[in-house]
Amino acid sequence: MKAAKAVPVLMYHHVSPKPGLVTVAPATFRAHMETLVKDGYSAVSADDFLNFLLGRNGLPPKSVLITFDDGYLDNYVHAYPVLRELGLRATIFAVTGWIGDGPARNCAGEGGEPPLCLDHRACMTAIAEGRADEIMLRWSEIEAMEASGAIEIHSHTHTHTRWDKTISDPSARRDALAGDLARSRDTLRQRLGRETRHLCWPQGYFDDDYVTVAGKLGYEALYTTLKHVNTRQTPPYDIGRIVTKDRSDNWLSRRLSIYSSPLLGRLYTAMRGEK
């Protein structure tokens, strides 16, 4: 039986009617997901992907991990209904300190007026002004998505702080990072009733100290913004991801073909001066 030799990891942030910076339009996202289905890809869970890297299990030859960063409301409003409809699953790396309480809001196309989803810069402004609830997920929405099996939630830290830019002393920086990561993991445990082994670095930044701190806290899979192929030889602390674009042509099919092949992927990334 054939098995995957490499697994591409897609990286989304926003799915919103205002495409642009780290944002794809709802129509584009649907086209991407329909492409996965049409091309015969299996959307795998984060744990199955990690176990593949660790050599504990095989995966179908066309496997892909779909990820979202931060935990924006538009993931629930626009992406979640498409994933559920098409029988796909994805992972959201949520900034736990930005997630609030309250009733679940309306999803697009499911009755009632869906909430307004702002562009990325407006979202950053809302967070800075203490209005995160307007543009971020709520725990009620997370619980609904997890219960459906279409979405699983993992850590993107608790505060999304770049400690390397905030604290100059290495020891104090490690302590601050450890507190941030521990609080995120504890919050997910308390709210969802399970441990997470998966962590995505804010803005993709990490160094050896970061990896050591995360490992001591129980994080095993560390997700970057590096563009490289993920094979059984890929260290779980150095997972590469494909930045998605607001393009609904055959762009996604080409990228998936490249990053599903160890040889093609390495040739492509070497040609582009990447790992």
Where in the stretch 154-224 are there helices (runs of 4 or more DSSP H), lying wholly inside it, with at least 2 residues that are more than 18 Å from the chain's Cα centre (by Cα) and crowded, with 17+ Cβ neighbours inside 10 Å?
170-192, 208-216
So, in the stretch 236-258, how many residues would count as being under 21 Å from T91 (Cβ atoms), touching a residue at least 40 places away in the same chain (Cβ under 8 Å) and not charged (D, E, K, R)?
8
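Given the options R272, R254, R241, R266, name the one that is over 19 Å from the mean Cα position of the chain (by Cα) and closer than 22 Å to H13 by Cα. Walk me through it before giving the result.
Working: R272 fails: closer than 22 Å to H13 by Cα; R241 fails: over 19 Å from the mean Cα position of the chain (by Cα); R266 fails: closer than 22 Å to H13 by Cα.
Every option except R254 fails the conditions.
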Spot the failing condition for D74; the list is (1) out of contact with any helix residue (DSSP H, G or I) (no Cβ under 6 Å at 6 or more places or on another chain); (2) touching a residue at least 24 places away in the same chain (Cβ under 8 Å); (3) within 30 Å of K5 (Cβ to Cβ), and only one is missed.
(3)
Residue pairs meeting the criteria (Cβ under 8 Å; at least 6 apart or on separate chains; first within 17 Å of R84 (Cα to Cα) and surrounded by 15 or more Cβ atoms within 10 Å (Cβ to Cβ), in the stretch 96-124; second among the aromatic types (F, W, Y) and modelled with pLDDT of 95 or more):
A104/Y76; R105/Y76; C107/Y76; C107/Y80
Tell me, which residue of the stretch 86-122 that is farther than 28 Å from G204 by Cβ and among the acidic types (D, E) is modelled with the lowest pLDDT?
E110
Could you say which residue among K5, K18, K38 is of a type in the set (K, R), surrounded by fewer than 22 Cβ atoms within 10 Å (Cβ to Cβ) and more than 28 Å from A108 (Cβ to Cβ)?
K5
Can you go through R191, R183, R174, R162 and tell me which one is among the basic types (K, R) and closer than 19 Å to F68 by Cβ?
R191
Could you check how many residues of the stretch 259-275 are crowded, with 17+ Cβ neighbours inside 10 Å and without any contact (Cβ under 8 Å) to a residue 60 or more places away in the chain?
3
I'm checking my understanding of the structure. Among residues of the stretch 225-248 that are in contact with a strand residue (DSSP E or B) (Cβ under 9 Å, 6 or more places away or on another chain) and of a type in the set (D, E, K, R), which one is surrounded by the most Cβ atoms within 10 Å (Cβ to Cβ)?
R241
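The values are calculated or read from the model by the stated rules, or taken from the named source; none is laboratory data. On a predicted model such as this, the values are computed, not experimentally measured, just so you know. Backbone-built Cβ (ideal geometry, glycine too); neighbour counts: all protein chains shown.
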